[in-house]
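Novice: Let me begin by handing over the structure; questions about it come next.
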Amino acid sequence: MIRLTWLFAVVCFAASVLAAAAATPDALVLFDPQLHDLLSQNSTSSLSKFISNLELQYKVTVKSYDDEDIKLLLEDDLAYDNLVLLPSSKKAIAAKQAVSQGQLLKYINAHGNVLVVGDATSVLPESTRVFLNELGIYPSPKNFRYQDHFHTSDSGKVALAPANVVAGNNVISQLSTSEYDGGAALISNNELIIPLVQSSKTGFTAGNKEYLDEDTTWTFGEQGFLAVGLQALNNARVAWVGSESLLENELVQWVFQQKGVLKLQFVHHSREENPAVPDPSIYRVKEQALYTIGVSEWVDGKWAPYTVSNPENNLQVEFKMLDPYQRLDLKPLGPAASVDGLDVLDTQVYSVQFTVPDQHGMFTFGLDYKRSGLSYLEDSKVVTVRHLANDEYKRSWDITNSWLYVASAGLVVVAWFAFVVNYIYVGKTNAAKKNI
Amino acid sequence: MAKKEVAIKKAQAQTGTSASGVSGVQSKKISNSFGELFAAISTTYNDYSTTLTPRLKLIDLFLVFLVALGVLQFVYVILVGNFPFNAFLGGFISCVGQFVLLVSLRLQIKTPERSFGDFIFASLILHFVVYHFIN
C-alpha cells in the first residue's frame, strides 16, 4: 500500500490527461448504388440495418462510389475517423482519385480505420483490392464462393462452427451467425495481420465451374480466411470480412477503436529501498529495482483498469543492454488513479521487483507489448548501471575466507619485528667472539 | 656453506667405500647405507650448528618459518578457492617478499650495518604495500 501511496503522489503530469469525453466519432460508408439501396429510408437490407446500428454510436455519412467529391483526408488530417468500404459492381469507380490506394495508405497512416466488406458475387474497387494486397490480404475474385460440403446448413449455405473462430485473437470471441455465404482470402505472413475467422479443413473457395483446377479455385482447407484484421504499428486498424453476415458487433467495435484499446498511463521505475524518488537515472549493480506501470482500457466510452485475462497476454518488462538481462512478467497491484488527485480509479497498476544484474553499462527498461487485437504499448527508459564504488566493497576482514591470509600477513610482520630485535641483540653479544 | 658441502661429500665417500666393502645380504646393505645417511646428516647438522653464527641461524629459522607459512596459504587457497584473491596475494606475497629480502640480507652479511638498514627499509615498504593491498 505504501507503493500505491507514492503512486498517488508521483503519478506524473507527463502521462497524458484522461481522455476527455470525446466527440462522437464519425464514419464514412462508401457503397455502390447498383448493388445496394442504402440512401432510401425504407430499405430493409441487412446492410441498412448495419448502418442504422452504426448511427447509434457514430456520426455516419453514406456516400456512393460515384461521388467524386469524396475526401478521406483534409490536408493531412482525417476527414472521417472510420471508413467502411462496401462491395462494388465494377472495379473502376468514379471516385478513384479520392479512394486510391495511396489515399487509403495515407488514411491509415493518419490513424484512420478501414473496414472492407467483401461479397461472393461482386468485386472490390481496384484501389481497395490493391490496398488489401499490399497489406497481405488477398480476397477471392468475383464469383468465387467459399464452400464446405461437410458443413452445410439446411438452407444449403456453409455452416460456421465456433471452431472457425481463430483462438486467442482478442477481437471476436464467438459468431452470432452460423451461416456464411461469401468469399475467402489468402493472407501473407505479415505479422501485423490478425486472422479472425478461418476456413475449416474441408472448406475451399472455387468459381462457378463444374470442375476444380488451379484457375477455378482460390483457397484450400485452412489456408482460407473468412475474416482478417490488421493493426498497423500506429494502432490504426483494418479489417476485411468475406460477407456482410460477418459484420459482428464485436468486430466493428474493434475496427472503430472502441474495443481492445489500451493506454499506457504512466511508467515509473525506482529503487526498492527508496521508492519515493521516481525514475532515478543511475542504479548500482545488484540493487533491487521496482518497475511500475499503469494500463487503462477503453470501455464504454471511458478509461477503466485493464486486467490481463489470459497468461499469454501478460505484460512484460525487459531490462536490457543489447540483450535482455531480465525479462519478467508484471504482476497486477490493483486499480489506481492515473492522474494525481483524480477520484476515479481508472487504471490498473502492474509492477515487478527485480535485482539489477551484476553488469555495469547503459540499460533500458523496455516495455514492448504487442498482442494481437490489443493496442500496442511501447516504452523505453534508459538508465545507467554503475559498478560498486571504491568504498562499497567488503573489507577483507568481513570475508571469513580471508582470515587466514590476513592473519599470516600479520604474523609475518610480528615475526619480522621479533627477528629484527633478536638480530640486533644476537649481533651485539656475539660480534666479538665470532668471525664470519 | 663450503664446509657443509665438504661434509656431505665426505659422507658420500664413506657410504661408497662401505657399500663396496660389504658383499652378501641385501638388507644389511640397505640398513647400513641408511646408517651412513643418518651419520652424514648428523655430521652436517653438527657442522652447521658449530660453524654458523647465531645471526645466520636466526635468518635460517625465519626463512623456514616463511616457507612453512607460504606453503600453508597455498594449500589453503587450493582447498578453499581463491575468492578474496587480493587477500591471498597479499598474504602470500608478504611471505615470498620477506623471504627474498631475507635471502638478500643473508648474502650481504659481510657488510652488516648497510645490509641490515636496507633490509629494514625494504621490509617496511613491503609490509606497507601488503597491508593496503589486502584491504
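Novice: Suppose R0 equals 25 Å. What FRET efficiency, 1/(1 + (r/R0)^6) with r the Cβ-Cβ distance, do residue A:153 and residue A:209 give to the nearest 0.05?
Specialist: Between residue A:153 and residue A:209 the formula returns 0.60.
Novice: Now for a different question. Against the longest alpha carbon principal axis of chain A, how many degrees, from 0 to 90 and to the nearest 10, is the axis of helix A:126-135 turned?
Specialist: 20
Novice: I would also like to ask the following. Regarding the protein assembly as shown, what is the average projected area of its C-alpha convex hull, in nm²?
Specialist: For the protein assembly as shown, the mean projected area of the Cα convex hull comes to 51.5 nm².
Novice: Can you compute the modelled spin-label distance between residue A:381 and residue A:314, with each label point 7 Å from Cα toward Cβ, in nm?
Specialist: 2.1
Novice: At each listed q (0.12, 0.15, 0.16 Å⁻¹), what is the log10 of I(q)/I(0) that the Debye formula gives for region A:262-390 modelled as equal alpha-carbon point scatterers?
Specialist: Each listed q maps to, in turn, -0.47, -0.71, -0.79.
Novice: In percent, what relative contact order does region B:53-134 have, based on Cα pairs under 8 Å that are 6 or more apart in sequence?
Specialist: 37
Novice: Could you work out, residue by residue across B:115-126, how many beta carbons of other chains sit within 10 Å of that residue's beta carbon, and then give the average as an integer?
Specialist: Average per residue, whole number: 2.
Novice: To continue, here is another question. How far is helix A:46-57 tilted off the main Cα axis of chain A, in degrees rounded to 10, range 0 to 90?
Specialist: Its long axis makes an angle of about 50 degrees.
Novice: Over the Cα atoms of region A:346-398, each weighted equally, I'd like the Debye log10 I(q)/I(0) at q = 0.20, 0.27, 0.31, 0.32 Å⁻¹, rounded to two decimals.
Specialist: -0.93, -1.17, -1.24, -1.26
Novice: For residue A:143, what residues show an amide H to amide H distance below 5 Å, using hydrogens built from the backbone and excluding near sequence neighbours?
Specialist: It is A:121, A:122, by chain and number.
Novice: Note down the relative contact order for region A:303-397 as a percent, whole number, built from C-alpha pairs under 8 angstrom at least six residues apart.
Specialist: Normalised by residue count, the contact order of region A:303-397 is 24 percent.
Novice: Something else: Per-residue mean of other chain beta-carbon atoms within 10 angstrom of the beta-carbon, peptide B:82-94?
Specialist: 5
Novice: Then there is this: Please report the antiparallel percentage of the DSSP beta bridges confined to chain A, to the nearest 5.
Specialist: Among the beta bridges of chain A, antiparallel pairing accounts for roughly 75 percent.
Novice: What number do you get for region A:49-192 when its Cα radius of gyration is normalised by 2.2 N^0.38 Å, N = residues?
Specialist: In units of the 2.2 N^0.38 Å rule of thumb, it is 1.15.
Novice: Further question on the same structure: How shielded is A:395-407 by partner chains, expressed as the average number of their Cβ atoms within 10 Å of its Cβ atoms?
Specialist: Averaged over the peptide's residues, the number is 6.
Novice: Let me ask something additional. Can you compute 3J(HN,Hα) from phi for each residue in region B:79-85, using the Karplus curve 6.51 cos²θ - 1.76 cosθ + 1.60 with θ = phi - 60°, rounded to whole Hz and x for Gly and Pro?
Specialist: Each residue of region B:79-85 in turn: 6, 8, x, 9, 4, x, 5 Hz.
Novice: When a/c reaches 1.5 or more, the comparison of a/b and b/c decides; with that in mind, is region A:119-195 rounded, prolate or oblate per its Cα gyration tensor?
Specialist: The shape class here is oblate.
Novice: Under 5 Å between amide H atoms, partner at least 5 residues away or on a different chain: which partners does residue A:118 have, H built in plane at 1.01 Å?
Specialist: A:241, A:242, A:243
Novice: While we're on this one: About its Cα centre, what dipole magnitude does chain A give when the only charges are +1 on Lys and Arg Cβ and -1 on Asp and Glu Cβ, stated in debye to the nearest 20?
Specialist: 2460
Novice: Here's a follow-up. Kirkwood Rh, region B:53-134, all Cα pairs: how many Å?
Specialist: Hydrodynamic radius (Kirkwood, Cα only) of region B:53-134 equals 13.6 Å.
Novice: Over region A:24-255, what is the relative contact order in percent, taking alpha-carbon pairs closer than 8 angstrom and at least six residues apart?
Specialist: Normalised by residue count, the contact order of region A:24-255 is 19 percent.
Novice: Shifting gears a bit: Within the set A:142/A:201; A:302/A:370; A:286/A:331; A:302/A:331; A:49/A:263, which residue pairs have Cα atoms separated by over 26 Å?
Specialist: A:49/A:263, as the Cα separations exceed 26 Å there.
Novice: Shifting gears a bit: Quickly work out the residue A:57-to-residue B:104 label distance, labels modelled 7 Å from Cα along the C-beta direction, and quote it in nm with one decimal.
Specialist: That separation, rounded to one decimal, is 9.0 nm.
Novice: Something else: Taking the highest mean first, how do the peptides A:189-200, A:54-65, A:389-400 order by number of other beta carbon atoms within 10 angstrom per residue?
Specialist: A:189-200, A:54-65, A:389-400
Bear in mind that the values in this text are calculations on the coordinates, not laboratory data. Model, not experiment: these values are computed from the prediction. Every residue, glycine as well, gets a Cβ built from its backbone with ideal geometry; the counts of neighbours run over all protein chains shown.
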